[in-house]
1. Could you state the principal axis extents of the C-alpha atoms in segment 168-229, from the largest down, to the nearest angstrom?
2. Figure the gain on full extension for Ser147 and His48 (residue separation times 0.36 nm, minus the Cα-Cα span) and round it to one decimal in nm.
3. What is the Cα centroid distance between segment 173-212 and segment 101-161, reported in whole angstrom?
4. Using the Karplus curve 6.51 cos²θ - 1.76 cosθ + 1.60 with θ = phi - 60°, work out ³J(HN,Hα) for each residue of segment 204-211 in order, rounded to whole Hz, and write x for Gly and Pro.
5. Give the residues of segment 152-166 whose amide nitrogen is closer than 17 Å to a point set 7 Å from the Cα of Gln198 in the direction of its Cβ.
6. Going by average Cβ density within 10 Å per residue, which order do the peptides 47-53, 205-211 take, highest to lowest?
7. Show me, for segment 37-48, the HN-Hα J-couplings you get by feeding each phi into the Karplus relation (A = 6.51, B = -1.76, C = 1.60, θ = phi - 60°), rounded to Hz, glycine and proline as x.
8. Each residue of segment 126-133 in order: what ³J(HN,Hα) in whole Hz does its phi give by Karplus 6.51 cos²θ - 1.76 cosθ + 1.60, θ = phi - 60°, with x for Gly and Pro?
Amino acid sequence: MRISVVLLAIACAMALPACQQKPATTAAAADSGPQAVVQAIYAAAAPHLEQTPTPVSAIPMTADLAQGVQRASDEADKRNEPFIDGDLAANCQDCSGFSNLVITTPTPPVNGRAVVEARFKVAGDDNVVQWDMVETPQGWRVDNIRSPDGYNLRTSIQMELSEPPESCADERGAQAAAVLVQECTQVSPATHPPCNAQNACQIIQDEISRGCGLLTGAKPAFCGTPAAGGGKGG
């Protein structure tokens, strides 16, 4: 790790709890000014950036931003994709050679808002991360993370949530999707049932489960399979 010993010492002096390996969301960090909160995040993250990305839980976010990250992560999980593919604090995937950290407040606190800027090098290249901070009853919290190269956490959340779900045909292939569609149309009582291979497999499976549950007499054999209950059948 090539981070400046002097800078790390300064960060530790400003955010002692983080240097004692406590999370950045401790009461001390929460009650500090916006720059000190960001200092605490980097002081805790810098020693292990090359091995482990900064966990989202180590970044004290506003409730709104935290909920957005969770919703976007849940949607990405459904597609078996990562929502945050890299390190939010260091704006990198391979964070080797993190050094020369300098943290400033180009937009000082006004009306409960501020912008904190972190400048540093990763593998010798200059990097910048901008932290939009909001003062809350719990202390200063991160309300967005941006960088001059175009990254914007809130924009990423909106894009993830607006992305249409993967079709069943794309998820499992045309043949497996066709089987689900056939089962769905066999038991669905809806006038316009969602039995379409362009829908997500989960939507089709939920309709199969609903249709099977409404049958009172003999039921098709697939009504008792995991696929009819929302599993990975097909």
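Please treat every number below as a calculation from the coordinates, not as lab data. Given the structure is predicted, the values throughout are model-derived calculations rather than measurements. Using ideal geometry, Cβ is built from the backbone for each residue, glycine included, and neighbour counts are taken over all protein chains shown.
1. 34, 24, 14
2. Values: separation 99, 0.36 × 99 = 35.64 nm, distance 2.15 nm.
Full extension of this stretch gives 33.5 nm more.
3. Result: 45 Å between the Cα centres.
4. So the Karplus estimates, Gly and Pro as x, are 5, 5, 5, 5, 4, 4, 5, x Hz.
5. 163-166, by backbone N distance to the label point.
6. Working: 47-53: 15.0, 205-211: 21.6.
Result, highest mean first: 205-211, 47-53.
7. Listing the rounded values in order: 5, 5, 4, 5, 4, 6, 4, 7, 8, 3, x, 10 Hz.
8. Ordered by residue, 3J(HN,Hα) equals 5, 9, 9, 10, 10, 10, 7, 10 Hz.
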